[in-house]
1. Consider only pairs whose beta carbons are under 6 Å apart and that are at least six residues apart or on different chains; among these, list those whose first residue lies in segment 82-98 and is part of a helix (DSSP H, G or I) and whose second residue is at pLDDT below 95 and crowded, with 20+ Cβ neighbours inside 10 Å.
2. State all residues of segment 150-196 that are assigned to a helix (DSSP H, G or I), among the charged types (D, E, K, R) and farther than 20 Å from L30 by Cα; if no residue qualifies, say none.
3. Can you tell me which residue within segment 154-190, out of those that are touching an Asp or Glu at 6+ places or on another chain (Cβ under 8 Å) and hydrophobic (A, V, I, L, M, F, W, C), is nearest to V114 (Cα to Cα)?
4. Of the conditions (1) over 26 Å from A200 (Cα atoms); (2) among the acidic types (D, E); (3) crowded, with 19+ Cβ neighbours inside 10 Å, D92 fails just one. Which one is it?
5. For A41, are the conditions met, namely being buried (at least 19 other Cβ atoms within 10 Å of the Cβ) and farther than 17 Å from G115 by Cβ?
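The values are calculated or read from the model by the stated rules, or taken from the named source; none is laboratory data. Fair warning: this is a prediction, and the values are worked out from it, not measured in the lab. Note that each Cβ is placed from the backbone with ideal geometry, even for glycine, and that neighbours are counted across all protein chains shown.
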Amino acid sequence: YTTPNDTACLQMASDRANVLLVGDSHAGQLSQELRRAIAPANMLQATAAGCRPTIQGKGLRSCRGIVIAALEEVDVSRLQGVVIAGRWFDTDRPLLIETIRRLQQRGARRIVVVGPMVEYSADFPDLLARSMLDHDFGRMKKAREADRRPLDEAMRRDVLATGARYVSHFDIECPGGRCRLFTADGGPIHIDHSHLTPLASIPVAQAIAREISR
């Protein structure tokens, strides 16, 4: 298989705790703020766009190589935590559970799965601008992908049943069922149909850090 582009991304520190982040661009978007949230711990990162963060699964050879290097070759028993995030689909659920089980068998102590994003049928900033111009924010709810929330609930049940931990984007972005549209500085929460703006990734990273440390 193809090794990661930078092998230093998977090197452990000997003088502090180590945390592994693995997944696709939905994992990569959390990298910067997660590094801050877990400091002074060292973060190992294996993320690439479109990579399914499961031991079994489809994908480009290079993509699969990155995932396998992280999940099967890193000594997970030495990690403080393993964080798995991705653009999930219902078909990923059994593969994810198998991945969690195998990591647990190899000594992983804390596994944190980040659930599916709140997702929209078109680019979020464009939808938001049109809603503001028309004074009609109802279009935001109509544009929200309806299958994401049921998947979030199903994944939560699956993951918690294994003894792993779970962070829900919906709990953070849509408290009480009302989805936030703006960050604290008045900007949009998403940069496209699903990915978070840097400011919006902060509470997600902090929630992951809490799960790793508890």
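1. Between residues of segment 82-98 that are part of a helix (DSSP H, G or I) and residues that are at pLDDT below 95 and crowded, with 20+ Cβ neighbours inside 10 Å, the close pairs are L95/T54; L96/T54.
2. Restricting attention to segment 150-196, the residues satisfying the condition of being assigned to a helix (DSSP H, G or I) are 150-161, 169-173, 175-177.
So of that shortlist, the ones also among the charged types (D, E, K, R) come out as 152-153, 156-158, 171, 173.
Of everything in segment 150-196, those that are assigned to a helix (DSSP H, G or I), among the charged types (D, E, K, R) and farther than 20 Å from L30 by Cα turn out to be E153, R157, D158.
3. So the residue we want is V167.
4. So D92 meets the others, but not (1).
5. Values: buried (at least 19 other Cβ atoms within 10 Å of the Cβ): yes; farther than 17 Å from G115 by Cβ: yes.
Criteria met by A41.
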